[in-house]
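Please treat every number below as a calculation from the coordinates, not as lab data. Predicted, not measured: the structure shown is a model, and the values here were computed from it. As a convention, Cβ positions derive from the backbone with ideal geometry for all residues, glycine included, and neighbour counts pool all protein chains shown.
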């Protein structure tokens with residue numbers, strides 16, 4: 001009761017502020033969900049949730065603020081479908097998803113600036129057929145603002161489709177997916193400013209057309225994805241190549257994995273590799289880590305650059321729906337240089353009730369070697385994620 | 001049952017096709033500015049005094065700024081006129097946003113890297129301060 005009251009207060013209070021981003025996450029291994037496929041249509045996560053995933057989110061991850069005390073969790077789970085009920089067409093699953101960010105950069109400095117970014121508003125429709133939904137068709141339309149500074153002459157769209165694909169599972173173990181999807185690589189964390197997402201070019205808009213082959217055994221899971229780039233881009237720009245990721249389950253709540261990606265375009269060739277682990281430590285608590293290297297060659301000049309990164313994040317579940325986070329990252333943008341960037345940040349992730357997620361992170365960034373007055377900075381990111 | 005499935009599949013494929021058509025047009029991705037990587041700078045005359053200042057500044061800008069500012073196509077800026085469009089005020093480094101945004105003077109750029117070295121910082125300042133205002137305007 002007390003917790004519900006605290007949640008309700010926080011929810012109302014934080015509503016005066018606003019918004020960025022986060023979904024069913026790799027750290028949910030701490031709840032026993034080692035494979036993303038338990039809850040997502042895409043076997044490597046992100047994108048629309050299955051009915052089961054929605055119910056898990058409503059009954060095991062989120063708190064129950066706003067629901068009558070007498071209502072059992074099972075009954076709340078039954079209300080987790082689109083618009084709080086069972087969709088009348090049994091083979092269709094629509095969903096609407098919004099993510100917003102309030103970003104306050106260089107706090108306390110002359111360069112301080114803050115902004116609200118409506119990162120994503122999307123509508124997704126999943127059509128599923130055959131026994132155990134063997135065949136799925138997923139389509140999405142999304143609004144996504146352009147970053148500041150993008151010249152108008154590029155005539156880029158603010159509307160996009162981040163995923164549209166057809167998937168077929170030949171068996172529980174083997175699945176084949178074709179269309180526009182995220183690239184399989186490393187930990188698919190929702191921290192879009194994480195070095196493991198930015199330096200690898202695996203941001204929220206970096207999906208590619210391709211074919212994803214997924215194999216899942218009792219203790220092993222692997223994805224192989226040849227890709228051709230995003231067809232809406234000029235063909236010269238498209239990165240074409242192959243990426244693969246494998247994970248081995250050391251135990252129910254400990255997984256280790258590795259990823260490898262090769263791709264090339266008219267302008268840039270790149271290869272990258274990484275190793276990662278996800279560990280659940282009791283119910284709701286977890287540690288995730290990913291370390292990797294990205295090698296790039298500019299085709300016009302043959303200039304080569306290698307970058308390395310480390311991403312670690314711990315989650316501690318204080319009570320149902322309330323997580324304390326600690327993120328620690330290192331980036332060495334050029335391995336030939338001593339310069340490194342360290343980022344450490346505590347955070348809170350809150351699911352007060354189903355369909356709502358708040359997250360607040362305070363990042364302390366340190367550039368080393370320290371040579372000037374601005375080599376340390378504090379940034380704050382507050383995210384709001386809503387879905388129907 | 002089979003009829004329903006066929007109809008469903010047909011509708012889904014039509015939906016998928018419409019989504020694909022709807023998403024036609026250039027999207028912004030991390031690699032949207034890749035075509036600006038490694039721009040040809042061989043046509044810049046670095047033998048004159050002002051040309052040498054620009055070449056020195058451009059080397060720093062390409063190394064420290066352009067790799068991240070791909071979305072704002074800085075990598076394609078190989079003339080002074082392109083830099084003076086918004087980022088540089090000829091003859092006035094102190095109020096040029098290219099300078100005021102730098103960590104060296106309390107800004108937050110370059111992001112995820114340290115402040116520029118003093119030498120590089122002074123090279124940029126000198127380039128801007130020595131830039132002949134009239135000539136740049138005339139070139140635009």
Q | Two-decimal log10 I(q)/I(0) for the stretch A:144-191, as the Debye equation yields it once each C-alpha is a single scatterer, q = 0.20, 0.24 Å⁻¹ | A | -0.91, -1.03
Q: Give the shape of the stretch A:45-184 as rounded, prolate or oblate, defined through the alpha-carbon gyration tensor: a ≥ b ≥ c are the square roots of its eigenvalues, a/c under 1.5 means rounded, and otherwise the shape is prolate if a/b is larger than b/c and oblate if not.
A: oblate
Q: Using only C-alpha positions, report the orientation-averaged shadow area of the convex hull of the stretch A:55-136, nm², one decimal.
A: 8.7 nm²
Q: Could you line up A:82, A:170 from fewest to most neighbouring Cβ atoms inside 10 Å?
A: A:170, A:82
Q. If you build the Cα gyration tensor of the stretch A:68-111 and take the root of 5 times each eigenvalue, what three semi-axes come out, in whole angstrom, biggest first?
A. 39, 18, 5
Q | Cα convex hull volume per residue for the stretch B:43-87 (Å³) | A | 68 Å³
Q.
Compute and list, largest first, the equivalent-ellipsoid semi-axes of the stretch A:202-257 from the alpha carbon gyration tensor, each √(5λ) rounded to a whole angstrom.
A. 29, 11, 8
**Q.** Share of Cα-Cα pairs in the stretch A:169-303 lying beyond 19 Å, as whole percent
**A.** 54 percent
(Q) Please compute the Kirkwood hydrodynamic radius of the stretch A:246-356 from all pairs of different C-alpha atoms, in Å with one decimal. (A) 16.3 Å
Q: Before rounding to the nearest 500, sum -39500 (n - 2.57) across all DSSP H runs of length at least 4 in the protein assembly as shown and divide by the residue total; then give [θ] at 222 nm in deg cm²/dmol.
A: -5000 deg cm²/dmol
Q.
Over all directions, the average projected area of the alpha-carbon convex hull for the stretch A:24-94 comes to how many nm²?
A. 5.2 nm²
Q: Report the dimensions of the stretch A:266-323 along its three principal axes from the alpha-carbon atoms, largest first, rounded to Å.
A: 54, 18, 14
Q: Can you bin the stretch A:172-236 into rounded, prolate or oblate? Criterion: square roots of the alpha carbon gyration tensor eigenvalues sorted a ≥ b ≥ c, rounded for a/c under 1.5, prolate for a/b above b/c, oblate for the rest.
A: oblate
Q. What number, in nm² with one decimal, is the all-direction average of the projected area of the convex hull of the alpha-carbon atoms of the protein assembly as shown?
A. 25.1 nm²
Q.
Along its three principal axes, how long is the stretch A:105-145 when you only count alpha carbons? Whole Å, largest extent first please.
A. 60, 17, 8
